[in-house]
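Below you'll find the structure, written out as structure tokens, and then a few comments.
The values are calculated or read from the model by the stated rules, or taken from the named source; none is laboratory data. All of these numbers come straight from a predicted model, not from anything done at the bench. Neighbour counts run over all protein chains shown; Cβ positions are idealised from the backbone, glycine included. Side chains included, ligands, DNA and RNA excluded: accessible areas come from the protein's heavy atoms. Shrake-Rupley method; radii C 1.70, N 1.55, O 1.52, S 1.80 Å.
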Amino acid sequence: MPCPCGSQLPFDRCCGPYLLGDAMPPTAEALMRSRYTAYTRGDIGYIEATLASDRRAAFDPVAAKNWATRASWLGLRIVSSARGQPGDADGVVSFVASYREDGKLIEHHEVSQFRRDDDGAWRFVEGDARAVVTEPKRAAATAKVGRNDPCPCGSGKKYKFCCGR
């Protein structure tokens, strides 16, 4: 099964070891991808554990779980990353997370800040949501997507197993 983070790697060779606690993400981008994957799986414990310690008091795990399970996660696209490599102390990752909620396609654009903790682990500090774009009205003459065609949302799944449900 491909990892939900969009890396094209199998889950057990990508974000799986991080979510299971068998390894630590080596870069800020790897942490960002694993956090997205945790949301797709409803693993809010991982989301909380990967927060910077000074940010955990403001975290609402019940609200996060409700949102994670309400959304149908469609894909993650990394726009850019700065710093955040194994030798860095901090990093920035810009991304777009696509999901469907209440029948609307939402693209969540965010620039996230990360830093290393004293133990060397990457932690999420904060995110700046630049835009949330809902699905635009479709033109009258759009091409029909077949049920076995790749899903147009970019998830890599067949349409029938993704947005065609």
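For this structure, a couple of remarks:
- In region 26-50, residue farthest from GLY120 (Cα to Cα) [restricted to those that are open to solvent by 20 Å² or more (accessible area, probe 1.4 Å) and in a loop (DSSP other than H, G, I, E, B)]: ASP43
- Scanning region 1-33 for residues being without any contact (Cβ under 8 Å) to a residue 40 or more places away in the chain and among the hydroxyl-bearing types (Ser, Thr, Tyr) gives a total of 2.
- Looking only at residues of region 21-45 that are under 19 Å from LYS65 (Cβ atoms) and of a type in the set (A, V, I, L, M), we find that the one that is farthest from the chain's Cα centre (by Cα) is ILE44.
- So GLY84, is it open to solvent by less than 40 Å² (accessible area, probe 1.4 Å), within 17 Å of ALA121 (Cβ to Cβ) and not polar (S, T, N, Q): yes
- Which numbered condition ALA63 fails, given (1) within 17 Å of the chain's Cα centre (by Cα); (2) closer than 24 Å to ARG116 by Cβ; (3) not in a loop (DSSP other than H, G, I, E, B): (2)
- Within region 34-46, being in contact (Cβ under 8 Å) with a residue 24 or more places away in the chain, out of contact with any Ser or Thr (no Cβ under 9 Å at 6 or more places or on another chain) and of a type outside the set (S, T, N, Q) holds for TYR36, TYR39, ARG41, ILE44.
- Any hit, region 6-24, residues being part of a loop (DSSP other than H, G, I, E, B), open to solvent by less than 70 Å² (accessible area, probe 1.4 Å) and under 13 Å from PHE114 (Cβ atoms): no
- Residue, modelled with the lowest pLDDT, within region 59-105, restricted to residues that are of a type in the set (Lys, Arg) and at negative phi: LYS104
- Just so you know, in region 130-153 the residues that are within 19 Å of the chain's Cα centre (by Cα), open to solvent by 60 Å² or more (accessible area, probe 1.4 Å) and not charged (D, E, K, R) include one that is modelled with the lowest pLDDT, and it is VAL133.
- Of the numbered criteria (1) modelled with pLDDT of 95 or more; (2) within 19 Å of LEU19 (Cα to Cα); (3) open to solvent by 20 Å² or more (accessible area, probe 1.4 Å); (4) small (Gly, Ala, Ser), the one GLY120 fails is (1).
- Residue count for region 65-89, restricted to those that are touching a Leu at 6+ places or on another chain (Cβ under 9 Å) and under 26 Å from GLY164 (Cα atoms): 1.
- For the criterion of being out of contact with any Lys or Arg (no Cβ under 7 Å at 6 or more places or on another chain) and surrounded by 18 or more Cβ atoms within 10 Å (Cβ to Cβ), ARG56 fails.
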